[in-house]
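Notes to accompany the following structure.
None of the figures in this text is laboratory data; all of them are computed from the coordinates on show. Just so it is clear, the model here is predicted, and its values are computed rather than measured. Neighbour counts are summed over all protein chains in view; Cβ atoms, including those assigned to glycine, are modelled from backbone coordinates with ideal geometry.
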Amino acid sequence: MASFSFTKRQQLVEIFLGFPEKNSLFIDLLKKKIEFEKNPTETLSAEILKIEDKEIKKLMNELK
């Protein structure tokens, strides 16, 4: 089972609080994490991590 770093989750929460227009993405990510908790698979884990990495990078670039 994959573990998600606290730092990455904390970054996401802080970023999404600053970008309310991204709330639907945040909700979708939370749904995937709930699904992962019910049925942990490496594929779903990789998908979640990819979304987190991609969105953090994209939003951090918007802040520059």
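Considering Cα pairs under 8 angstrom that are at least six residues apart, work out the relative contact order of the chain and quote it in whole percent.
46 percent
Nearest 20 debye, what's the magnitude of the dipole of segment 6-63 about its Cα centre given +1 on Lys and Arg Cβ and -1 on Asp and Glu Cβ?
Using Cβ point charges on Lys, Arg, Asp and Glu, segment 6-63 gives about 40 debye.
Working from the alpha-carbon coordinates of the chain, get Rg over Rh, Rh being the Kirkwood radius.
0.97
Which value in nm describes the separation of the simple spin-label points at Ile51 and Ser24, placed 7 Å from the Cα toward the beta carbon?
Using points 7 Å along Cα→Cβ, the separation is 1.4 nm.
What are the ³J(HN,Hα) values, in whole Hz, obtained from phi via the Karplus relation 6.51 cos²θ - 1.76 cosθ + 1.60 with θ = phi - 60°, for each residue of segment 33-41 in sequence order, with x given for Gly and Pro?
5, 5, 4, 4, 4, 6, 9, x, 10
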